[in-house]
Amino acid sequence: DWTMPNYIDEAVARIREQVGEEEVILGLSGGVDSSVAAALLHRAIGEQLTCVFVDNGLLRLHEAEQVMQTFADNLGVKVIHVDASDEFLKHLAGVTDPEAKRKIIGREFVEVFQQESAKLPQARWLAQGTIYPDVIESAGSKTKKAHTIKSHHNVGGLPDTLHLKLLEPLRELFKDEVRELGVALGLPREMVYRHPFPGPGLGVRILGEVKKEYADLLRRADAIFIEELHASGWYEKTSQAFVVFLPVKSVGVMGDGRTYEWVVALRAVQTQDFMTAHWAELPHALLGKVSNRIINEVRGINRVVYDVSGKPPATIEWE
Ligand code: XMP
C-alpha cells in the first residue's frame with residue numbers, strides 16, 4: 001500500500017544501503033528540489049551529509065538567512081554557507097548579454113562549489129535534486145527547445161570534475177510528489193510550495209549589466225510584490241511572479257521636487273508547463289498597492305509598470 005510514510009522508510013533504506021558509511025555533499029539552492037533532497041538525505045544519513053549553500057549575490061531578500069534557519073538551525077543539517085557575492089558580481093561587471101551572464105554565473109558556481117568540496121576530501125557522493133521531469137528532459141524530449149533558446153544553468157559538469165558518484169534520491173518523483181515528500185519531512189509549506197526561481201537568479205532579472213546597487217533595489221521591490229501576493233491570496237493563483245529591474249530612468253515628482261529614478265516591471269504568469277503562459281489578471285487594486293509600496297518604500301524607484309505579455313511570443317523571464 002503506497003503511503004508517504006512507507007515511501008520515506010523505503011527511500012531512507014535505499015539511500016543507506018547505497019551510501020553505506022560514505023560521505024555526501026549537496027549543493028543547496030533554496031529551491032524546492034534541492035531542499036527536499038537535503039531533508040530526505042539528512043533523514044537517511046544525518047551527519048554524513050554536508051550541504052553547500054552558495055550566495056551568488058543574486059538571491060532574493062533574506063534568502064540565505066532563511067535557508068540557514070530552516071536547514072542548519074531547525075533541522076540540524078550541516079550547511080556550509082559561502083558568501084561569494086563579490087566574486088560573482090566582479091565577474092559580471094561590464095557584461096550585458098543574457099547568455100554570457102548565464103555562462104558566467106554557471107561557471108562561477110562550479111568554481112566555488114569545487115573549492116568548497118576540496119575542503120571535504122572524504123566525500124564520495126555528490127547528491128542532486130534531479131526529479132523525474134529533469135530525467136526525461138535531459139534524455140532529450142519536448143523541452144529540448146528551451147535549452148537551445150536559453151542555456152538553463154544547472155550543476156551539470158560537476159560530477160565529472162569532482163570525481164564523485166552521483167546520488168539522485170528524487171529521480172523517480174514528479175514535482176507534486178516532491179512537494180508532498182518535503183512537507184512530510186517537516187519542511188515549511190512556504191518553502192515547498194514556492195514558485196520556481198531560475199539558477200541565474202536576479203542576474204537575468206536585472207536587464208543588461210548587473211550591479212550591486214540594482215540587485216539591492218530589485219530585492220526589496222521583489223519582496224514587496226511577493227508579500228502582497230501572499231497577503232491577497234494571489235501567490236497560489238499564479239505560477240511565477242517577480243519584479244524585473246529596468247536600467248532606465250524616468251522623471252517623477254515627490255513633494256516640491258522632481259525625481260529622476262529607476263523603473264521596475266512586475267511580472268506574474270499562470271501556466272501549466274512553463275512552455276506557454278498567460279499574464280495573470282491581477283486586480284488593479286492589488287497592482288496599485290504594490291506600486292505605491294515599492295515607490296514609497298524603495299528610494300531610487302519612482303515608476304512601476306505591469307507586463308501584459310503572453311508566452312509566446314514573450315518569455316516568462318525578460319532575459
Ligand atoms: P522562459 O523565460 O524561458 O522561462 O519563459 C521558463 C521557465 O524557465 C525558467 N528559466 C530558467 N531556469 N536557469 C534556470 O534554472 C535559467 O537560465 C532559466 N531561464 C529561465 C524561468 O524562470 C521559467 O520558470
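No value in this document is a laboratory result; all are computed from the given coordinates. All figures in this text were calculated on a predicted structure; none of them were measured in a lab. Because the Cβ atoms are built from the backbone with ideal geometry, glycine has one as well, and the counts that use them run over all protein chains shown.
Here is how the numbers come out for the structure above:
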item	result
Angle between the chain longest axis and helix 212-232 axis [Cα atoms, degrees, rounded to 10]	80 degrees
Inter-label distance for SER250 and VAL308, nm, one decimal - labels placed 7 Å from Cα along Cα-to-Cβ	1.4 nm
Debye, to nearest 20: dipole size of region 205-306, +1 on Lys, Arg Cβ, -1 on Asp, Glu Cβ	260 debye
Relative contact order for region 169-241, counting Cα pairs under 8 Å that sit 6 or more residues apart, in percent	23 percent
Sites matching GluC sites (Glu not before Pro) across region 1-44 that sit in DSSP coil, with at most 15 neighbouring C-beta atoms within 10 Å	GLU21, GLU22
Qualifying aspartates and glutamates (Cα of each under 14 Å from Cα of LYS78; at least 8 residues distant if same chain)	GLU23, GLU47, GLU116
Three-way shape label, the chain, alpha-carbon gyration tensor, a/c 1.5	prolate
Cleavage-rule hits (GluC sites (Glu not before Pro)) in region 225-284: DSSP loop, at most 13 neighbouring Cβ within 10 angstrom	GLU236, GLU281
Angle between the chain longest axis and helix 4-19 axis [Cα atoms, degrees, rounded to 10]	70 degrees
Neighbour net charge for ARG171 - beta-carbon separation under 15 angstrom, K R +1, D E -1	-4
Debye equation applied to the C-alpha atoms of region 205-306, log10 I(q)/I(0) at 0.20 Å⁻¹	-1.01
Greater than 26 Å apart at Cα, pairs in LYS249/LYS289; LYS103/LYS311; LYS90/LYS119; LYS175/LYS211	LYS175/LYS211
Partners for LYS101 among aspartates and glutamates (Cα-Cα distance below 13 Å; same-chain residues under 8 apart left out)	GLU209, GLU319
Trypsin sites (Lys or Arg not before Pro) restricted to region 50-129 and DSSP loop, no more than 15 other C-beta within 10 Å	LYS119
With Cα atoms, 0 to 90° folded angle of helix 98-118 axis to the chain main axis	40 degrees
